[in-house]
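One structure below.
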Amino acid sequence: MNKYSQILTGKKPMSDSDRDPRPDLREDHIDWASVLITAQKYDAKILVDRTFSGQSNGPKSGLPCDGSIFGLLHGLRCGGARLNKLDTGGLKLDYEPLLGAWCKDALLADWLMPLRKEMAAVFRRAVA
């Protein structure tokens, strides 16, 4: 069981670096901490819901990070992704800092689009 699996199943508490692996990016540090804590709770609920409904006992397999929204967002933040506050009070992911190492089309198609609904749900809950 890897570190993130242990966090999702409640066997390991989140460390400060799990809450925001890039505290050096201060402008959105608080927002990222809220988003990553919310994502961990979101993934844990999905895991429980799928297990008790008889579906696979993991998040969406075949998707990035096995469908773990926490794993995806944590990885994006490690790479320098930012969060922008919208006029409506919501959050929007700024993935532009990742484009030095990633092709935009591949990042969107392989990582962001498959989990866009889950990301939106986590962003809404994190600011609520």
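All of the numbers you see were taken from the coordinates with simple rules; none came from a lab. Because the structure is predicted, anything quoted here is derived from the model rather than measured. Using ideal geometry, Cβ is built from the backbone for each residue, glycine included, and neighbour counts are taken over all protein chains shown.
Scoring 30-37, 91-98 by mean Cβ neighbours within 10 Å over their residues and listing the highest first yields 30-37, 91-98.
Using the Cβ atoms and a cut-off under 12 Å, what net charge is assigned to the surroundings of Ala121, where Lys and Arg are +1 and Asp and Glu are -1? Every neighbour counted, the sum reads +4.
Our note on the geometry: Cα centres of the range 83-115 and the range 29-43, 16 Å apart. Exposure proxy shown here: for Cys103, Cys78, the number of other Cβ atoms within 10 Å sets the order, fewest to most, as Cys103, Cys78.
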